[in-house]
1. Suppose we keep only residues that are touching a residue at least 60 places away in the same chain (Cβ under 8 Å) and part of a helix (DSSP H, G or I) within segment 48-58. Which one would you say is nearest to GLY179 (Cα to Cα)?
2. State the number of residues belonging to segment 37-54 that are within 21 Å of MET2 (Cβ to Cβ) and either surrounded by fewer than 16 Cβ atoms within 10 Å (Cβ to Cβ) or in contact with a Pro (Cβ under 6 Å, 6 or more places away or on another chain) (or both).
3. Checking GLY179 against (1) farther than 18 Å from HIS35 by Cα; (2) part of a loop (DSSP other than H, G, I, E, B), only one condition comes out false. Which one?
4. Here is a check on your reading of the model: is ALA244 of a type in the set (Gly, Ala, Ser), under 26 Å from GLU294 (Cα atoms) and open to solvent by less than 20 Å² (accessible area, probe 1.4 Å)?
5. Hey, can you tell me all the residues within segment 351-363 that are touching a residue at least 60 places away in the same chain (Cβ under 8 Å), open to solvent by 10 Å² or more (accessible area, probe 1.4 Å) and assigned to a helix (DSSP H, G or I)?
6. Hey, can you tell me all the residues within segment 6-26 that are touching a Ser or Thr at 6+ places or on another chain (Cβ under 8 Å) and surrounded by 18 or more Cβ atoms within 10 Å (Cβ to Cβ)?
7. Failed condition for SER57, given (1) open to solvent by 90 Å² or more (accessible area, probe 1.4 Å); (2) hydroxyl-bearing (Ser, Thr, Tyr); (3) in contact with a Phe, Trp or Tyr (Cβ under 9 Å, 6 or more places away or on another chain), with all others met?
Amino acid sequence: EMYATLDLCVGCKGCRRECPTGVDMAKMKIEFMHHYVKRHGLSRKDRLIAYLPRYASIAARFAPLLNLRNHLPGLPWMTEKLLGFSARRSLPSWRRDWFRDDEISSRPAPSRSGAGGDSTLADPREVALFVDTFNRYFEPENARAAADVLQAAGYHVQLPHAADSARPLCCGRTFLASGLVDEAKTEARRMLEALTPFIERDIPIVGLEPSCLLTLRDEYRSLLGRDASAGLARQALLFEEFLAREAKAGKLDLKLNALPQKKALLHGHCHQKAFNVMGSVNQVLGLIPGLKVETIESSCCGMAGAFGYDAEHFDVSMKMAEISLLPKVRSAAGDELIVADGTSCRHQIHDGSGRGAQHVACVLRAAL
């Protein structure tokens, strides 16, 4: 009965924002699923989703073959019967041109001498860019756009690496969503170890995917302990949060031009809303001359990570999107930008309306 009750929890963290006592049902679901999976195990679908960061680098090499699922008749039906992915839903497309760390020259961080000859302080124009699994292997243009914008603003972009360097860093989000808390802790420790040198030198850690980056500020307190994760939580910022903070402090030297589009419809990721960071997206888009930004008043888009890919959840997922998000997107003029920072949000918008949504980093790069 508890499984059935929590089955429709999409982990939006709206309860965290709305509940007077701050009850976080998403965390409660993780804890419940942890014990449930230990007793019942994972389905094939949930295992594929949970371990995605572990095999993504191999799967990306076979992108053309794996992407046939979305194009060959009969394959969607087969994946639904065998794995549980809805035949009515497209799956994310693997990219052969996935983001590689050597695309950005990663060099030793420049240092400067401070009071007393301290040379351990960071260059004030240095940032660490955390590229998550989704933006690395499915939408690498977002990572490239973010790096371009940061570099255009004069920042030295550094890419953190795991000490073992066997595979890229991962926040552990997919493991948490499946109840694999121990696996998530392993990823969290790798992340903390790789980011500690940046934390010690007060270098901002900038991320692109809200659910991933905000995991460093929220769930890591439970996974690693408040003391161990305090520095990381303090310095982990979404891309737009960092730019908005720099602009407010008068430090942002980013020259942007007007775009052909004059209006942008902005959809907020649930975690952006829960952590009250939507204002920074509006502020950053407002740096583009002549661009009018309208925020779509919506709840969860209905995709919610892997929720909307499940055959049993597809109808509920689409009903959630039809409450306000998809009708608003469909009514938008053809020359209006659709902006959404969440990868699952963009997927839902594309599947439900046929319109493409962009990460704010891509919009800013277009205005360089």
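The values are calculated or read from the model by the stated rules, or taken from the named source; none is laboratory data. Since the structure is predicted, the reported quantities are computational estimates derived from the model, not experimental observations. Here the Cβ is made from the backbone with ideal geometry for all residues, glycine too, and neighbour counts use every protein chain on show. Ligands, DNA and RNA are excluded from the accessible area calculation, which covers all protein heavy atoms including side chains. Shrake-Rupley method; radii C 1.70, N 1.55, O 1.52, S 1.80 Å.
1. Within segment 48-58, the match that is nearest to GLY179 (Cα to Cα) is ALA50.
2. Summing the residues that are within 21 Å of MET2 (Cβ to Cβ) and either surrounded by fewer than 16 Cβ atoms within 10 Å (Cβ to Cβ) or in contact with a Pro (Cβ under 6 Å, 6 or more places away or on another chain) (or both) in segment 37-54 gives 5.
3. Condition (1) is where GLY179 drops out.
4. Against the criterion (of a type in the set (Gly, Ala, Ser), under 26 Å from GLU294 (Cα atoms) and open to solvent by less than 20 Å² (accessible area, probe 1.4 Å)), ALA244 qualifies.
5. Matches in segment 351-363: ASP351, CYS362.
6. The one that is touching a Ser or Thr at 6+ places or on another chain (Cβ under 8 Å) and surrounded by 18 or more Cβ atoms within 10 Å (Cβ to Cβ): CYS12.
7. (1)
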